[in-house]
Amino acid sequence: MSQAERLFEEVERSLGEALEAARKASSLEELEALAQLHLGRKSLLAKAFKSLGSLPEEERKRAGLRLNALREELRSELEGRRALLEAEAEARRITRERADLTLPGRWPKVGRAHPIGAVLEEITEFFLGLGFRVAEGPEVELDWYNFEALNMPPEHPARSLWDTFYLEIDPPGSLLMRTHTSPVQIRVMESGRPPVRVIAPGRTYRHDTPDASHSPVFHQVEGLVVDRSVSFADLKGTVEEFVRAFFGKGARARFRASYFPFTEPSAEVDVSCVACRGEGCRTCGQKGWLEIMGAGMVHPAVFEAVGYDPSEVSGFAFGMGVERIAMLKYGVDDIRAFYEGDVEFLERLRLPAP
Ligand code: PHE
């Protein structure tokens, strides 16, 4: 065997091994080393190419073709393997770096409506729809509006129905924090002639010790309708319509005889318990009914106090407790929750932003 033949045999064998190694290579470095070793300038292959010149014409051609074929085979194997390894590495990188889509996002804190504000708004909307207008009065009130014009002269025992905050001002007892929104009735009637159809939402104050059902500050919505021949049936119809609109079609209203100095006859209005639908449960103390407002026909003495002629006009009035209504509507069992400014509490009620 000639030297050249041996060299060529050697090349065949070593490139065969290189192909094997290339197929099994597990890193780019390995591939690079194989290329260096077998295709580089100092490789057996390079040496074989150089030796071609010493071969006779015919044989040179054949050997040259063979060497080229071997070189291309190894090159393409190395190239193919490199592409595969790179693709695998890329796939691993993507898996490793993939965003965790199950990670909860960070939500911006958006405020929510306060239940009292939301209820006030809903009540107001309802009565605006019936043609009422909204009236307002001061929270610091004169004795005249809070009591006297409402048929409660000084020393009238009914004044003790309301535990009043008086302001220390001269003359003592003349200025107070209004204990209800009824003084707005007087202010409205003093400033205009009938017909009157107003509601007066607002804050009221009573000298009560706070507990689950008492707060020294709370809200009422007063209603007043005065015209020729307004009847108790009008009051009932209005209140029943409101109760259905606010608590749902199935809700019912019940009128219980009661007493207020500024209405005659007077009633307290109950709504069928929203929790048990009237069956009796803890919310309603097994009664099936919950009190939500005081109401009645405007007392003639009140008309006289504002200069209306009670033989000409009649009217009805009501005053509802907004916190009471909000507690029923939203299932809140402690009135103090409305005033603690606890953001978690507001979150739980899930009211939309105002
Ligand atoms: N002002 C009364 C209260 O606060 C409620 C009421 C208003 C009753 C209007 C009758 C008429 O208790």
Please find, in a Gaussian network model of the chain (springs between Cα atoms separated by less than 10 Å), the residue of A267, A87, A251 whose mean-square fluctuation is greatest. A87
Run the simple label-point estimate for E58 and V140 please: 7 Å along Cα→C-beta, distance reported in nm. 12.8 nm
Specify, per residue and in Å³, the volume enclosed by the convex hull of the alpha carbon atoms belonging to segment 121-170. 134 Å³
Could you please state, rounded to a whole Å, how far the C-alpha centre of segment 285-312 is from the C-alpha centre of segment 111-178? 15 Å
Per-residue ³J(HN,Hα) for segment 11-17, Karplus 6.51 cos²θ - 1.76 cosθ + 1.60, θ = phi - 60°, Hz, x for Gly and Pro: 4, 3, 5, 5, 6, x, 5
For the pair D342/R228, report the inter-label distance in nm, with labels modelled 7 Å from Cα in the Cβ direction. 5.6 nm
Can you list residues from other chains, or at least 5 along the same chain, whose modelled amide H is less than 5 Å from the amide H of S258? S266, A267, E268
Helix 232-247 sits at what angle to the longest principal axis of the chain, using alpha carbons and giving 0 to 90 degrees rounded to 10? 10 degrees
Taking amide H positions as placed 1.01 Å from N in the peptide plane, with prolines and chain starts having none, which residues 5 or more places from E141, or on another chain, fall under 5 Å of its amide H? L176, M177, R178
If r is the Cβ-Cβ distance from K236 to Y330 and R0 is 35 Å, what FRET efficiency results, to the nearest 0.05? 0.85
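In what sequence do H299, H38, H156 fall when counting other Cβ within 10 Å, fewest first? Walk me through the intermediate numbers first.
Details: H299 21, H38 24, H156 14.
In increasing order of surrounding Cβ atoms, one gets H156, H299, H38.
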Among K24/K50; K109/K329; K287/K329, the pairs whose Cα-Cα distance exceeds 22 Å are K24/K50; K109/K329
Using only the Cα atoms of segment 1-58, what are the Rg and Dmax in Å? 13.2, 42
As straight-line cross-link partners of K47, the qualifying lysines (C-alpha separation under 24 Å, not fewer than 8 residues apart within one chain) are K61
Relative contact order of segment 260-345, defined on C-alpha pairs under 8 angstrom at six or more residues apart (%): 25 percent
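Dividing the Cα convex hull volume of segment 72-200 by residue count, how many Å³ per residue is that? Intermediate results must be reported in sequence, preceding the final value.
On the way: hull volume 32.6 nm³, N = 129.
So the per-residue Cα hull volume is 252 Å³.
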Cα Rg, Dmax (largest Cα-Cα span) when computed across segment 240-354, Å: 17.5, 55
Calculate, for R133 and D100, the FRET efficiency according to 1/(1 + (r/R0)^6) with r their C-beta to C-beta distance and R0 41 Å; round to the nearest 0.05. 0.10
Ranking T209, V302, P194 by how far each Cα lies towards the positive end of the charge dipole of segment 166-302 (+1 on Lys and Arg Cβ, -1 on Asp and Glu Cβ), the top one is P194
List every residue whose amide H lies under 5 Å from the amide H of T164, counting only residues 5 or more places away in sequence or on a different chain, with H placed 1.01 Å from N in the peptide plane. H207
Where does each of T204, T283 land when they are ranked from fewest to most other beta-carbon atoms within 10 angstrom? T283, T204
Per the Debye formula with a single identical scatterer at each Cα and no solvent contribution, what log10 I(q)/I(0) holds for the chain at q = 0.07, 0.09, 0.12 Å⁻¹? -0.47, -0.63, -0.91
Using a basic spin-label model with each label point 7 Å from the Cα along Cα→Cβ, how many nm lie between R23 and K47? 2.6 nm
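Please report T95, T102 as a ranked list, fewest other C-beta atoms within 10 angstrom at the top and most at the bottom.
Details: T95 8, T102 5.
The most exposed by this proxy come first: T102, T95.
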For Y166 and W107, FRET efficiency with R0 = 30 Å and r from the beta-carbon atoms, rounded to 0.05? 0.05
What is the gain in length, in nm to one decimal, between E9 and F126 on full extension, counting 0.36 nm per residue of separation less the C-alpha to C-alpha distance? 31.9 nm
Between 0 and 90 degrees, rounded to the nearest ten: what's the tilt of helix 115-129 against the longest Cα principal axis of the chain? 60 degrees
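Taken together, the values in this text are just the output of simple stated rules run on the coordinates, not laboratory data. These figures come from a predicted structure and were not determined experimentally. Counting neighbours? That spans all protein chains shown, and the Cβs are built from the backbone with ideal geometry, glycine included.
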